[in-house]
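Take a look at the structure below.
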Amino acid sequence: MTTETRAFNAVSFFAYLKEGQLAGIRCRSCGKLSAEARPMCQACHSRDVEWFQFSGRGQLSAFTCISVVPNAMGEKGFGRNNPYCSGIVTLEEGPRISALILGVDAANPQNIATGMALTLDVRDMESDRPTLAFVPA
Amino acid sequence: MAATISTAKRRQLGRPVSIVGAGLSRFGAFRDMTTRDLFVEAFQDLIDHMDQGIDVEDIECGYIGNYSSDLFEGQGHTAPILADWLGMTPTPITRIENACASSGSALREGVMAIASGMYDVVLVGGVEKMTDLPTEGVTDVLASAADGLYEVPAGLTFPGIYGALAKAHMDRYETSLAHLAKVGIKNHTNGALNPKAQFNSTLLDMMERRKARAEQQGQPVPDWRDEMDFLNDPRANPWIAWPLRLYDCAPITDGASCVLLVSSEIANNFTDKPVHVVGTGQASGRPLHDAEELTSLSAAREAAAQAYAMAGVTPRDIQVAEVHDCFTNAEINATQDLGFFEPGEGPRAVDEGRTALTGDRPINTSGGLKAKGHPVGASGVAQVIETFHQLRGEAGPRQVPNTNLELGLTHNVGGTGGTCVVNILRRG
């Protein structure tokens, strides 16, 4: 697979996202999976790592709905009257990752349930840094 | 106590280290002051309150915590500027950056510099000038303490990550919005007794002032009956990062703090009432999404285990503590991570008043970051200063009733658990 030659870093992580794929690292030595692209295993320090394509299925483990937004999210139209949801997603393969949670009612967080099934939905695909987002499955 | 992730190796200082003086600037929003002005104010407060005086020439070295003068006011390489403004050149001063734990770490560096035998007299402190930027700008600067590749692009802000932590706590334990509100009410009650606090006022008084202002301006007067009523009104207490509201968040603050550390052998040259640093621990943690659990900070548990082991004490022995309440839920997490209460028992301890000034485990007698203010790089040493005053019995109206205080603890978190520093102090 030609993609195997990509450097194990964030540039490659975002390049995969641009292709609609959530790719992380599997350690060939100890089997540890990481949803972040790393050149060295954080568990056993092995440099023998390979790309691992996650299925994009997971569940919502914790979340917040943000009303006081950073500048970058303000530019996308979010703010006091249009909050957005960010969460911690546990991927079905095990690792967790932080992501934007779309397709939920962020103005009414009581309607968002921890544990809900999610599926990958990458946004801002035209950017060199697409947004890792999930929507209800 | 909470399970520790390691059985911390018992490390020892090369020789004992004592705190012999403390200085704090006013905490608040000071439009006309820069980083250097704030730190000079804290330093002058230290000089003015040394029991037996200090010759500045005798200070051999300094470590100053500062998160981001670069981003807040466009000034990097802050340490030599502070050395100059203190009239201390060519004394070496080093800036220490560990986000909001910067000065907790700076204190550790100073302790180790003396324990190594290299220096006898060391200045440690912290400073942050935050209010030049609008709130959105401060939000961006604080968010840069999180992982810029894997957290910030998800839209997570600093309150956002703590909001997710709060939600996880609420899912697992009985923690509620009311528990968070009670932490804020308690800390403002303490802050009202602290003349240096940014909010030197109870929430009840703040509520009454809002009512009076509405009346003066001929506007409808809100019918809040008590603080809880006030805090439950979304017009007074809007969402910041659900489930966190405005009054769950520590304010944006300008301020500076410093203490003088000396080798314990010479402590009595400076004061009859030194306070000894008997335990210090520091640990690193991973981003929240990569943490082993979402209801506890592993770095806090590990730093606490290190500090307890060095001091040879247990959580039960700690009589007063300043913990890192950058958000109200963070105080509840801290009291569990430090082993003061079992996991899940933190909220009940708040309900029972155990963490109040008059409780059996007074937490954040200074008002905490919540009411005293949170100039991020200055907060770790400011916590140490409150504990220093409590142990010396000179905390005035907010002195805890226990007249036989011996042991106090400070818990200083950087980012959302990336760094935690725990220091344990003993009355000399």
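The values are calculated or read from the model by the stated rules, or taken from the named source; none is laboratory data. None of the values given here were measured: they were computed from a predicted structure. Here Cβ is always computed from backbone atoms with ideal geometry, including for glycine, and neighbour counts include all displayed protein chains. Note: accessible area is taken over every heavy atom of the protein model, side chains too, but ligands, DNA and RNA are not part of it. Shrake-Rupley method; radii C 1.70, N 1.55, O 1.52, S 1.80 Å.
Laid out as a table, the results:
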quantity	calculated
The range A:57-136 - percent relative contact order, Cα under 8 Å, separation 6 or more	31
Three-way shape label, the range B:1-135, alpha-carbon gyration tensor, a/c 1.5	oblate
Exposure of B:Ser284 as accessible area (Å², to 10), given a probe of 1.4 Å and all protein chains	100
Shielded residues, the range B:277-293 - accessible-area loss of 30 Å² or more between chain alone and all protein chains, probe 1.4 Å	B:His289, B:Asp290
Ratio Rg/Rh [Cα only; Rh per Kirkwood] for chain B	0.95
Over 27 Å (Cα to Cα) - which of B:Lys211/B:Lys372; B:Lys129/B:Lys196; A:Lys32/A:Lys76; A:Lys18/A:Lys76 fall in this group	A:Lys32/A:Lys76
Whole-Å distance, taken between Cα centres, linking the range B:284-360 and the range B:147-191	14
Per-residue ³J(HN,Hα) for the range B:291-307, Karplus 6.51 cos²θ - 1.76 cosθ + 1.60, θ = phi - 60°, Hz, x for Gly and Pro	7, 5, 9, 9, 10, 7, 9, 4, 5, 5, 5, 5, 4, 5, 4, 4, 5
Contact order relative to length of chain A, as percent, for alpha carbon pairs under 8 angstrom and 6 or more apart	23
B:Asp226, B:Asp325, ranked by accessible area, largest first (probe 1.4 Å)	B:Asp226, B:Asp325
Largest-first ordering by accessible area, 1.4 Å probe, given options A:Tyr84, B:Tyr119	B:Tyr119, A:Tyr84
Listed residues B:Val124, B:Val413, B:Val221, most fluctuating in chain B (Gaussian network, C-alpha, under 10 Å)	B:Val221
Isotropically averaged projected area of the range A:3-53, using the convex hull of Cα atoms (one quarter of hull area), nm²	2.9
Net charge contributed by nearby residues that have their C-beta within less than 10 Å of B:Ala236 (K/R +1, D/E -1)	+1
Residue of B:Lys372, B:Lys167, B:Lys129 that the Gaussian network model of chain B assigns the largest fluctuation, springs spanning Cα pairs under 10 Å	B:Lys167
Rounded if a/c under 1.5, otherwise prolate or oblate - the range A:57-136, Cα gyration tensor axes	oblate
Surface accessible to a 1.4 Å probe, per residue, for the residues of chain B, Å²	35
Heavy atoms of B:Lys196: accessible area, 1.4 Å probe, square angstrom to 10	60
Å³ per residue enclosed by the Cα convex hull of the protein assembly as shown	155
Interface residues, the range A:66-81 - accessible area loss of 40 Å² or more versus chain alone, probe 1.4 Å	A:Ile66, A:Val68, A:Pro70, A:Asn71, A:Arg80
Relative contact order (percent, whole number), chain B, Cα cutoff 8 Å, 6+ residue spacing	27
Fluctuation leader among B:Gly23, B:Gly155, B:Gly163 - chain B, Gaussian network, Cα springs under 10 angstrom	B:Gly155
Table column - 3J(HN,Hα) (Hz), the range A:122-132, Karplus curve with 6.51, -1.76, 1.60, x for Gly and Pro	5, 10, 6, 5, 6, 7, 6, 10, x, 8, 6
Residue-wise HN-Hα coupling along the range B:347-354, computed from phi with Karplus coefficients 6.51, -1.76, 1.60 (Hz; x: Gly, Pro)	x, 5, 4, 5, 4, 7, x, 5
Low-density loop positions, trypsin sites (Lys or Arg not before Pro), the range B:200-256 - DSSP coil, at most 10 other Cβ in 10 Å	B:Arg225, B:Arg235
Helix-only CD estimate at 222 nm, as mean residue ellipticity for chain B, using -39500 (n - 2.57) per DSSP H run (n ≥ 4)	-10000 deg cm²/dmol
Listed residues B:Ser116, A:Ser12, A:Ser55 arranged by accessible area, highest first, probe 1.4 Å	B:Ser116, A:Ser55, A:Ser12
